[in-house]
Amino acid sequence: MDKDKIIALLNKDLEDEHGAIIQYLSHAYAMGEGELACEIEAISRDEMRHLDWLAETIAELGGVPSLKRGKMLMEGNPVSAWMQNDVSLEEDAVKQYREHIAAISDPKIKRLLKRILSDEEAHHDKFEHFVEKAEKEGIKDVRGIRQDEVTDTLNWGIKHEYTVILQYLLHSYMSPNEEVKEQMEDQAINEMQHLGWLAEELVGGCGRPVIEHTDVDRSKKTADMLKADIAIEKEVTARYDRAAKEIEDPDLKKLLIRIRDNEIYHTEVFQDLLKQEEKKG
Ligand SMILES: [Fe+2]
Ligand SMILES: [Fe+2]
Ligand SMILES: [Fe+2]
């Protein structure tokens, strides 16, 4: 099989991992705090590792990791029906990884896909167990229908965080600069924390998280990537700062200030990297 075909198969797997991450996070957030939500978040972290391994492999092969989101099964009610959807998603993943393992002969990639497959099989069994658990414990969707300036601000934040998670991950996969790669991955993980904090705050305040993203910068040169990343960080720092001043709830104010200060740190890290990159060029 030629390289381009392998890249296409791995990108299909990558897209489906992306869909699974968002499906599972949406379910975990909608349940509020609790053991089941924690277990589902742990599964979504496994999928994030898969996404990372697949994207690194695609970049090593000379491809560009896809940012498309694969199939998601978001319908249904109550929570046990969501868990059944998660079982179905894992069934599809198991089937697809088996097909791709059979189709690809490169031993290193085969080994990687087998490694991922074993996780998906374990996830499948866990979600089957969660169907029963959700029924037995009567686990509910705790989201409310609140919609006002506060929930709009939190959903704006979620949209921003999701966008930069994808952007920084893409930049980390595509930049040849080792320090940039490492920092981008680190800051993407920090943005994942922000997304989680905002979503939990939103559900705690009777709102509904909307996990969608906007355009991602696809610059080819490292310096251009950093310039785009600095621009977006400056913009959101100002927006979080304004929101923190306007919001009255003291805990939410503190949260927004904490995120704002993280964003200031990101700007400074990226500015240093840009200086070094420009000196080289
Ligand atoms: Fe899985
Ligand atoms: Fe952030
Ligand atoms: Fe940031």
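Descriptive notes on the structure:
- Of all residues assigned to region 3-11, none qualifies as being small (Gly, Ala, Ser), surrounded by fewer than 16 Cβ atoms within 10 Å (Cβ to Cβ) and closer than 22 Å to Ile158 by Cβ.
- Region 157-180 residues that are within 16 Å of ligand 1 (Cβ to nearest atom), paired with ones that are assigned to a helix (DSSP H, G or I) (beta carbon under 6 Å, 6 or more apart): none
- If you filter region 130-150 down to residues that are within 22 Å of Ser88 (Cβ to Cβ) and in a helix (DSSP H, G or I), you find that the one that is most open to solvent (accessible area, probe 1.4 Å) is Lys136.
- Ser66 open to solvent by 20 Å² or more (accessible area, probe 1.4 Å), farther than 18 Å from Ser118 by Cα and under 13 Å from the mean Cα position of the chain (by Cα): no
- Count of residues meeting criterion [of a type in the set (A, V, I, L, M) and more than 15 Å from ligand 3 (Cβ to nearest atom)] in region 149-169: 2
- Verdict on Asp215 being among the charged types (D, E, K, R) and under 30 Å from Gly62 (Cα atoms): yes
- When residues in region 151-184 are screened for being of a type in the set (D, E, K, R) and open to solvent by less than 30 Å² (accessible area, probe 1.4 Å), 1 of them pass.
- Selected residue (only one of Ala238, Ala228 is open to solvent by less than 30 Å² (accessible area, probe 1.4 Å), within 16 Å of ligand 2 (Cβ to nearest atom) and closer than 14 Å to His266 by Cβ): Ala228
- When residues in region 80-124 are screened for being of a type outside the set (Lys, Arg), over 23 Å from the mean Cα position of the chain (by Cα) and open to solvent by 50 Å² or more (accessible area, probe 1.4 Å), 5 of them pass.
- Cβ pairs under 8 Å, 6+ apart, first in region 259-279 and farther than 13 Å from Ile230 by Cα, second aromatic (Phe, Trp, Tyr): Ile259/Trp197; Ile259/Tyr240; Arg260/Tyr240
- Number of the condition not met by Ala188 [criteria: (1) touching a residue at least 40 places away in the same chain (Cβ under 8 Å); (2) open to solvent by less than 20 Å² (accessible area, probe 1.4 Å)]: (1)
- Conditions (1) free of Cβ contacts under 8 Å to residues at least 60 places away in the same chain; (2) buried (at least 16 other Cβ atoms within 10 Å of the Cβ): number failed by Lys220: (2)
The values are calculated or read from the model by the stated rules, or taken from the named source; none is laboratory data. Predicted, not measured: the structure shown is a model, and the values here were computed from it. Quick reminder, even Gly has a Cβ in these numbers, built from the backbone with ideal geometry, and neighbours come from all protein chains shown. Areas reflect the complete protein model, heavy atoms only, side chains present, ligands, DNA and RNA absent. Shrake-Rupley method; radii C 1.70, N 1.55, O 1.52, S 1.80 Å.
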